[in-house]
Structure formats: structure tokens, C-alpha cells
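Below is one structure; the comments refer to it alone.
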Amino acid sequence: MPIKSFNASQRMENVQPPIISIVSDLIKKNPGTISLGQGVVYYGPPQRVINEINKLNPSSDYHAYSEVEGIPKLRSIISKKLRHENKINMNEKYDLVVTAGSNMAFMNVLLAIADPSDEIILLRPYYFNHEMAINMVNCKSVIVDTDSDYQPNLEKIINSITPKTKAIVTVSPNNPSGAVYKKKMLEKINALCKEKKIYHISDEAYEYFTFGEINHFSPGSIPDSSDYTISLYSLSKAYGFASWRIGYMVIPKHLSLSVKKAQDTYLICPTRISQEAAIIALEVGSEYTNEFLNRIEYVRNKLYAELKTINNICTTPLTMGAFYFLIKLKTELTSIEIVDKLINKYKIAVIPGETFGMNNGCYLRVGYGSLDKKMSDIGIQRLVKGLKEIIS
Ligand SMILES: Cc1ncc(COP(=O)(O)O)c(C=O)c1O
């Protein structure tokens, strides 16, 4: 009989370690490091949120549990937003659940649609928490490469579908590449899901972060797609809300009970005070985010121009959304080794490409949402100097 011992589950042993906290520890050991690591914006919530939350009556029932799917007033304002902005027709075939962020929404989806050993298709580069979540529920991530501009390849997706496939995940605008998937491609992927009877999970955390003439497109707006399209949203980036933990999911009605079972078990309800804050933020509306977009675009253009000056060692497509570039380096060093040197010697932090499944070659994700104009000069300078000296 095997000897028993105390140890973590095999399931968790198989999950990659959380990179953000590893990089954060390195940053703490190197005070003064500028972080282009975590995917955050440099601004906080609208001032109206702060003012009005401070005025809420503390003796009221904000301390009690509320509805598992979110309070009616918040769900109603989100439904309006979905109709107007995303063109998602919130009819009786769809349900809406407010979550503690869209990572939780993704976990809810997996528990609702997939059994152990089912397959979920992710496009490489993928968002690491999606891959981690899939492992945690004992499902298999099937990783499909995108092209050199990080755009999906339909042929490759079709070839990766098996009888065990439960869903295809698209993240557009994309973390970590910044790619905005073309509307036509998203429509084709959605049609493929309909044909093969699998779900299309569309993560739209960066819906407002597009540049130039590029517009965001929500696959949930495709007519007759409500039976199999799941759309995930977040206030974290748009409203500088990361730690208030509010996101939401649009799901086919037939998944409502399963999603609520999951959410009731590990959340019970989204934090009530955060839901009140979310109502105010959504009343302020997406114009709030738009105010900051010009500045983010300014930093993006500057970063791209500086990266071009070292294109003998570093290349990246000029992607049109989110606030990331996934850069490819001409070096034999691993991305972890480069990250380590960048933090220790040049006090600039980025995320290694392996985290996003980029194992073939050396890639780094550079997140520029956290840089205001003032910090951008020095941050970009450190990155470019560091890469030049480390690689040449
Ligand atoms: C693609 C994507 N989805 C979801 C999330 C998580 O968002 P939330 O804070 O709402 O859980 C992130 C955060 O970086 C993300 O990049």
C-alpha cells in the first residue's frame, strides 16, 4: 500500500505558477522598478464613484448577501449597455450574471459546460489564466497557433476540433498580443461553433481599447447565436476597477442554473458595495475610458517607435488593441532569463512569453497601460537600453 503524505492535489501540481505574483516578488526585491508587467491601467475609477460611495448610508443593507446573479439595478444598466454598445439583443434566450471579475466568469463557464477530459480550444498566444483554469477543472487545453500578426487561422482551428471539444475561446482585443481579431474571422469562428455544436467563449475585457479606425466587435451580436455564444466582460480595465472585482457574463439561458450553482458555491454574491460602485461607473459610461485612450495611444506609439530602433534584435507587429505588445527577441537566452536581468539590472519588469504558451523562441509581453505620460519616457528608455545591452 502506498505511504500517505500531505501534499497538494495532482490537479494543482499540473497548473503553471501564477506569473504575476512571481514577477511582483522580483520587483519588491528591486525597489524603484517600473512595471510593464501586470495588465493594469494607470488610472482609477471615475471621481463620481468615489464621491457617491462615500455618501452611502452605512446602516443600510449593503452588508447583507444579495442576489447570486447580481442586484437588479446593476443587471438592468448592464443590459442596456449590452444592447446599445455591443448590439447584443438581451432577449429571453440570454441570461446575465454579474461576477467578481471576468476571470471568475470564465471559471463559471468551464464548470457549467465541461466535464473532466473535455477539450477547450485556446489560440496561442493565450491568456494564461484561461489555460490555468482549464487545467484546474481537469479539462485539456488544445492550443492552436495564430499567424505572424497573431490573427487566428481558421483552417488550424477546424483541424483541432475533436468529438471532445466543448468550446473555442477568443480574446479580442487580445491579451497578450494586442491583436484585434477581424470581424469576419470572429463571424467564421462563431459559425463553426454553431455547425459543430460547441460554445464560443468570447472574452471582451478590452472592448474599449482599440486604436485608429478599428472597432470592437461582439460575436454575441450575431443573429441566432444565443444558444452557444458566451460573452465575458470586465470593469477592471475600462473603469480602473481592478480590485473592486466586478465583471459580467452573457450566457445562453440553458446554462443559467449551472452557472448559478457554481457562483453560489464559491462567491454567494458579488460584493454589494462594489456592485453599487459599478452602477455609478456605468452611469458615467464608456466616455470615461475614452478620455484616457488618447494618452494610452500616445504611449503605445512611442513604445512602438522606440522598439523599431532595435528591430535588429526585437520585432513585433503593430497590433491595434488592448495595451500590450508581444515582442520577439533574436537571442538564445530564455525569456525568463531576460526578465530576470531586466528587473535586476535595469529596473524594468515585463512578462515572459512562456506564460502565454510562446515556447518556441524568446518572447516578452510589454504592458503599457500602467504608464502615464511622465513614466513612459523613463520606462521605455530602460526597456530599450536593457534589451540592447542584454542581447548584443
Ligand atoms: C483577457 C483577460 N480576461 C480577463 C481578465 C481578468 O479580468 P478581471 O479583473 O475582470 O477578472 C484579464 C486581466 O488581465 C484579461 O487580460
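The values are calculated or read from the model by the stated rules, or taken from the named source; none is laboratory data. All values derive from a computational prediction rather than experimental measurement. Every residue, glycine as well, gets a Cβ built from its backbone with ideal geometry; the counts of neighbours run over all protein chains shown.
Give the residues of region 164-188 that are over 22 Å from Leu111 (Cα atoms) and aliphatic (A, V, I, L, M), sorted by residue number.
Ala179, Val180, Met185, Leu186
Can you tell me which residue in region 133-150 is nearest to the chain's Cα centre (by Cα), limited to those that are closer than 14 Å to Val15 by Cα and crowded, with 21+ Cβ neighbours inside 10 Å? By that ranking, first place goes to Ala133. Residues of region 321-337 being within 16 Å of the ligand (Cβ to nearest atom) and over 23 Å from Val171 (Cβ atoms), which ones? Across region 321-337, there are no qualifying residues.
Of everything in region 202-232 that's within 11 Å of the ligand (Cβ to nearest atom) and out of contact with any helix residue (DSSP H, G or I) (no Cβ under 6 Å at 6 or more places or on another chain), which residue is farthest from Val41 (Cα to Cα)? Filtering region 202-232 for residues that are within 11 Å of the ligand (Cβ to nearest atom) and out of contact with any helix residue (DSSP H, G or I) (no Cβ under 6 Å at 6 or more places or on another chain), the one farthest from Val41 (Cα to Cα) comes out as Asp203.
Return yes when Ala179 is part of a loop (DSSP other than H, G, I, E, B), modelled with pLDDT of 95 or more and aliphatic (A, V, I, L, M) and no when it is not.
On the way: part of a loop (DSSP other than H, G, I, E, B): yes; modelled with pLDDT of 95 or more: yes; aliphatic (A, V, I, L, M): yes.
In short, yes.
Applying the criterion of being farther than 29 Å from Asn159 by Cβ, more than 12 Å from the ligand (Cβ to nearest atom) and buried (at least 20 other Cβ atoms within 10 Å of the Cβ) to the residues of region 91-114, the residue that is modelled with the lowest pLDDT is Tyr94. State yes or no: is Leu282 within 18 Å of the chain's Cα centre (by Cα), among the hydrophobic types (A, V, I, L, M, F, W, C) and within 16 Å of the ligand (Cβ to nearest atom)? No, not satisfied.
Only residues that are within 14 Å of the ligand (Cβ to nearest atom), over 18 Å from Leu371 (Cα atoms) and touching a helix residue (DSSP H, G or I) at 6+ places or on another chain (Cβ under 6 Å) were counted in region 17-61, giving 1. Screening Ser236 against (1) under 26 Å from Ala278 (Cα atoms); (2) surrounded by 24 or more Cβ atoms within 10 Å (Cβ to Cβ) leaves a single unmet condition, (2). Under the condition of being in contact with a Phe, Trp or Tyr (Cβ under 8 Å, 6 or more places away or on another chain) and not in a helix (DSSP H, G or I), which residue from region 261-305 is farthest from Lys81 (Cα to Cα)? The selected residue is Ile268. With more than 19 Å from the chain's Cα centre (by Cα), more than 16 Å from the ligand (Cβ to nearest atom) and free of Cβ contacts under 8 Å to residues at least 24 places away in the same chain as the only criterion, which of Ser66, Ser117, Ser79 stands out? Only one candidate passes the filter, namely Ser79. Evaluation of Ala242 against the conditions (1) surrounded by 24 or more Cβ atoms within 10 Å (Cβ to Cβ); (2) near the ligand (Cβ under 8 Å from one of its atoms); (3) not charged (D, E, K, R) shows that the sole unmet condition is (1). Applying the set (1) assigned to a helix (DSSP H, G or I); (2) under 24 Å from Pro173 (Cα atoms); (3) not acidic (Asp, Glu) to Ile22 leaves exactly one unmet item: (2). Hey, does region 332-340 have a residue that's part of a loop (DSSP other than H, G, I, E, B) and touching a helix residue (DSSP H, G or I) at 6+ places or on another chain (Cβ under 8 Å)? Checked region 332-340: at least one residue is part of a loop (DSSP other than H, G, I, E, B) and touching a helix residue (DSSP H, G or I) at 6+ places or on another chain (Cβ under 8 Å). The set of residues in region 247-279 that are surrounded by 19 or more Cβ atoms within 10 Å (Cβ to Cβ), within 14 Å of Asn108 (Cβ to Cβ) and within 14 Å of the ligand (Cβ to nearest atom) comprises Gly247, Tyr248, Met249, Gln263, Pro270.
Criterion first (of a type in the set (Ser, Thr, Tyr), touching a residue at least 40 places away in the same chain (Cβ under 8 Å), within 24 Å of Gly37 (Cα to Cα) and within 16 Å of the ligand (Cβ to nearest atom)) does Ser177 satisfy it? So Ser177 passes the test.
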